[in-house]
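Report on one structure; see the data block that follows.
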Amino acid sequence: MALLEIEGLCAEVEGKPILRGIDLALPIGEVHAIMGPNGSGKSTLAYVLSGREGYTVTGGSVRFAGQDLLAMEPEERAAAGLFLAFQYPVELPGVGNANFLRTALNAVRRARGEKEIDAINFLKEARAALRRLSMADEMLKRNVNVGFSGGEKKRNEVFQMALLKPRLAILDETDSGLDIDALKIVAEGVNALRGKDFSALVITHYQRLLDHIVPDRVHVLSAGRIVRSGGPELAKALEASGYAGLAAEAA
Amino acid sequence: MPAVAETIETVSAVTEGGYKWGFETEIETELAPKGLSEETIRLISARKEEPEWLLAWRLKAFAAWQTMTEPHWARVAHPPIDYQDIHYYAAPRKKTPKSLAEVDPELLRTYEKLGIPLSERAALAGVEGGQVAVDAVFDSVSVATTFRETLAKAGVIFCPISEAVREHPELVRRYLGSVVPAGDNFFAALNSAVFTDGSFVFVPRGVRCPMELSTYFRINARSTGQFERTLIIAEDNAYVSYLEGCTAPMRDENQLHAAVVELVALNEAEIKYSTVQNWYPGDAEGRGGIYNFVTKRGACRGRRSKISWTQVETGSAITWKYPSCILQGEGSHGAFYSVAVTNNHQQADTGTKMIHIGANTSSTIVSKGISAGRSNNTYRGLVRIMPKAANARNFTQCDSLLIGDKCGAHTVPYIESRNATARVEHEATTSKIAEDQLFYCRSRGLSEEDSVNLIVNGFCREVFKELPMEFAVEAQKLLAVSLEGSVG
Ligand SMILES: Nc1ncnc2c1ncn2[C@@H]1O[C@H](COP(=O)(O)OP(=O)(O)OP(=O)(O)O)[C@@H](O)[C@H]1O
Ligand SMILES: [Mg+2]
C-alpha cells in the first residue's frame, strides 16, 4: 500500500504555475529520491506537501496514510507523521533548541493522544540522538539555528527528525553544504530509521548521497513534472549525462 | 537548564482564555466619599494615624497638584478623567491584622487564586531555591507582610509604608520625596497627596537581603483609584531584589492607578526592581481597563551603586510609565529591561530616563515592544549626559515586533550629551513575525498560537533572563494570555 499518493498535483506561487501535474506513489517503507535541475519545483513540492502558505494548490490530490493531506494544517500534517527537513533551515532568535524541540515533540504527542515527555526523559533521548549523530550536547543550549554553520543547520534538521520519528520524511537537499564525514553521519541517521514504519522523499542533486542512502526509486522532476522514474541506476546515469537530454525529452 | 524546561511547559500549558484574574472579592469595604479635597486628604491621614509633618506634606502636594495639568505629550488618548468621581480611600472593613491568622479568610482566598504565596508555608512550598517575602496591598491597605522575623534578624525592614511612618518616622521623613519630589509631575503630585499604602524597604549597611521581597497590588473596590507609594533604601554595600505584581477585576469602567516608587542606592549598593504588571487591560472592544500612570525613579547616590528596573507590562488599558535612574555616584550603573505588550485597544507609552551626572557612569536599556490587534506601543527614552559625567556610557537597544497590520510601534529616543567623552549607542529594529519562522514552527507540530508565543518569548529572552526564575515563568504565561487571539 502506498503511504503517499500524489495524483495530478498542480500548484502555483504568486500566480505562477510551478507544479504542473505530478503523479507519484510512495509505498510504505520505501525511500525515493527526487532529482532535477534548479528551479524545477522540488522545494515547491516539499512545501506544498507540508502545507506552506502562499503555495496554492490548483489541481490534483494527495493522500497520506489514507487521509486527504491537502485539507490539513501544517501542524496536523506534522502530527500525522510528516516531517520536512528544510533546504534553508530558519533561525529562531532567543528560542533555545531544547525548548523548541521538546515543545514540538509534546505538541505532536498531544495531537496523537500520547503522554507528554518530561524534561529529564527528553534530555536523555536528545543526548542519545546527538551522540548517534556525532553532535555536541551544546547544540541543545543554542538558539534554534542562530549562528549555526550551514552544515550544522542541516545536521540540526536531521537531529529534529531523529527525535520526532516521522513516518514520512522529506529531506530537501539535506546533503548540500555537508562535509564528507557529516554526509555519512546524516545518511546513517536516515538509514537508522529505515524500515516498515519509515518512508522518505530525498531531494538531492548528488549521487554521493545516494551511495549512502540507496533509494528504492529515483524520480526526475523538470519544469514541474516528473519526466523520468527508475531504479538507483537512473541517478548514476544522470551523474554521467546531466539533465539536458531529459528536459528535451519532456518538452 | 530548568528555565528551558519551564518555558516549554508554560508555552504549551497556557490554553485557558481571557483575563483570569478578573474576579471580584466579596468583602466589606470602607470607602471614603468620592472626590478629592483637603478634607479627603485629612481623612486619609487621620485613618492612618499619621504625624503632622506628613499631613502637611500631603497638603502641600495637593496645593501643587491643583496648579498642574495632566501631561499630554505621551502617545495615549483617553476621555477626560473626572478626579472628583473617584474614591481615594478603600479598605477592607476589618481592622488591620496583626498577624496572618487575623487576615480575612476571603482575602487569603483571593490571594490564593492569584497564586500568591501569602502564607509562609505556601511561600516555602511554592518557591524553589529561595524564599519570597510578600507584602500584599488590597485596594488602599496592606493586608499582610510575611517573613517579617527572618528579615528582622538580618536587619532588613520590610513593611507597609503606613506602618513605617509610625515605626520608623526618621527614615521615612529623610527619604520620602527625595527622589520623586511631591510636585514632580501631575500624577506624582496626586499620589503624594493621597497615597494610601505601599511597601517600605530598608536594607542597612553591608546587608544582603536574604530573600526576594515582593508586593502584590490588587484593585478590588469599584470606582476606586489605587495610589500606592513604595520606598526602598539600600545603604552602603547592601543588596536587595524586589518584585511587584499587579492585578484587578474586570470592569467596564476605567480605574486609575497612579503609583510612585522611589529607590535610593548608597555606596556600592544594588537594587533590582522587577515588575510584572497585569492590570485589567479592558475587553477586546476597548471597554474598561486600568489607566496606569506611574512614576518610578531610582537614585544611584553612592559610588559604584547599581539600580536595575525590569518590567513586563502586559496589562492596563493605558500605560504611562518611565522608570528612571539618576546616576549621581561616580561609576554608578543604571539598567532598564522592558517587555511591553499591547493587544486589542491597549495603549502603552513607556520607556526610561537615564540621567548621567557622575563620572564613569553607565547605563543599559533593552526595550522589547510587542503590538497586536489595534494597539499602540511607544518606547520613549531619554539619555542625558551632564557636563561632569566624563566617560559616561549608554547602550540602548529598542526592538519592536508587530503582529498583524492594524497596530502601531513607535520609538522616540532623546539623547542629550553635554560631555564630549561620553559614548551613547542606540540600536532600533522593527519587525513582523516572519512567515518562514511561523511555518518552520508549525511544520514541527506547533499550533499557530504556540508558534507565535514561542517566537515572541524568544524575542523577549534578553529581558526575561533578568527576572527571577519563578517570575520569568509567570511573565511568559502572561505574554501568552495577552496575545491570545492575536493571530489567525
Ligand atoms: N516564493 C516564491 N516567489 C516566486 N517564485 C517562487 C517562489 N518560490 C519558488 N518560486 C519559483 O518556483 C520555481 C521552483 O522553485 P523551487 O524552489 O521549487 O525549485 P527547486 O527545484 O527546489 O530548485 P533548487 O534545486 O535550486 O533548490 C522557481 O522558478 C522559483 O523561482
Ligand atoms: Mg530547492
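The values are calculated or read from the model by the stated rules, or taken from the named source; none is laboratory data. These numbers were taken from a predicted model, which means no experiment stands behind them. Cβ sites come from the backbone with ideal geometry, for glycine too, and all protein chains shown count toward neighbours. In case anyone asks, the SASA skips ligands and DNA or RNA and just uses the protein heavy atoms, side chains included. Shrake-Rupley method; radii C 1.70, N 1.55, O 1.52, S 1.80 Å.
Observations
- When the pairs A:LYS141/B:LYS353; A:LYS42/A:LYS236; B:LYS60/B:LYS353 are compared against a 31 Å limit on Cα-Cα distance, A:LYS141/B:LYS353 fall above it.
- Across the protein chains, with a 1.4 Å probe defining accessible surface, the residues B:TRP53, B:TRP279 rank B:TRP53, B:TRP279 from largest area downward.
- Charge sum, other residues only, whose C-beta stays under 9 Å from B:CYS398's C-beta, Lys/Arg counted +1 and Asp/Glu -1: -1
- Dipole magnitude (debye, nearest 20) for chain A, charges at Cβ of Lys, Arg, Asp, Glu: 480 debye
- Net charge of the neighbourhood of B:SER451, taken over other residues with C-beta under 15 Å away and scored Lys/Arg +1, Asp/Glu -1, is -4.
- For the range B:401-439, accessible area lost to neighbouring protein chains reaches 50 Å² or more, against the chain alone with a 1.4 Å probe, at B:GLU435, B:GLN437, B:PHE439.
- Based on Cα contacts under 8 Å between residues 6+ apart, the range A:2-250 shows a relative contact order of 27 percent.
- Projecting the Cα atoms of A:LEU70, A:PRO17, A:GLY224 onto the dipole axis of chain A, where Lys and Arg carry +1 and Asp and Glu carry -1 at the beta carbon, places A:LEU70 farthest toward the positive end.
- Counting charges near B:ALA193 (Lys, Arg +1; Asp, Glu -1) among other residues having Cβ under 14 Å from its Cβ returns a value of 0.
- Expected 222 nm ellipticity per residue - DSSP helices of 4 or more, -39500 (n - 2.57), all of chain A, to 500: -11500 deg cm²/dmol
- Taking the range B:360-488 and dividing mean pair separation by its residue count, relative contact order in percent (alpha carbons under 8 Å, at least six apart): 25 percent
- Among A:VAL214, A:VAL13, A:VAL186, residue whose mean-square fluctuation peaks in a GNM of chain A (springs only between Cα atoms under 10 Å): A:VAL13
- Spatial offset of the range B:377-411 relative to the range B:307-339 amounts to 12 Å, using the alpha carbon center of each.
- Protection proxy ranking of A:124-135, B:75-86, B:201-212, A:166-177, by the mean of other Cβ atoms within 10 Å over each peptide's residues and highest first, is A:166-177, B:201-212, A:124-135, B:75-86.
- Cross-link partners for A:LYS115 among the lysines, with Cα-Cα distance under 17 Å and sequence neighbours closer than 8 places in the same chain left out: A:LYS124, A:LYS165.
- Inter-part distance where the range A:222-242 and the range B:149-210 are each reduced to a Cα centre, Å: 79 Å
- Among A:ARG208, A:ARG194, A:ARG52, residue whose mean-square fluctuation peaks in a GNM of chain A (springs only between Cα atoms under 10 Å): A:ARG52
- Overall, the range A:17-159 carries a charge dipole of about 340 debye about its Cα centre when +1 sits on the Cβ of Lys and Arg and -1 on the Cβ of Asp and Glu, all other atoms neutral.
- Chains B and A together bury some 2600 Å² of accessible area, summed over both sides, with a 1.4 Å probe.
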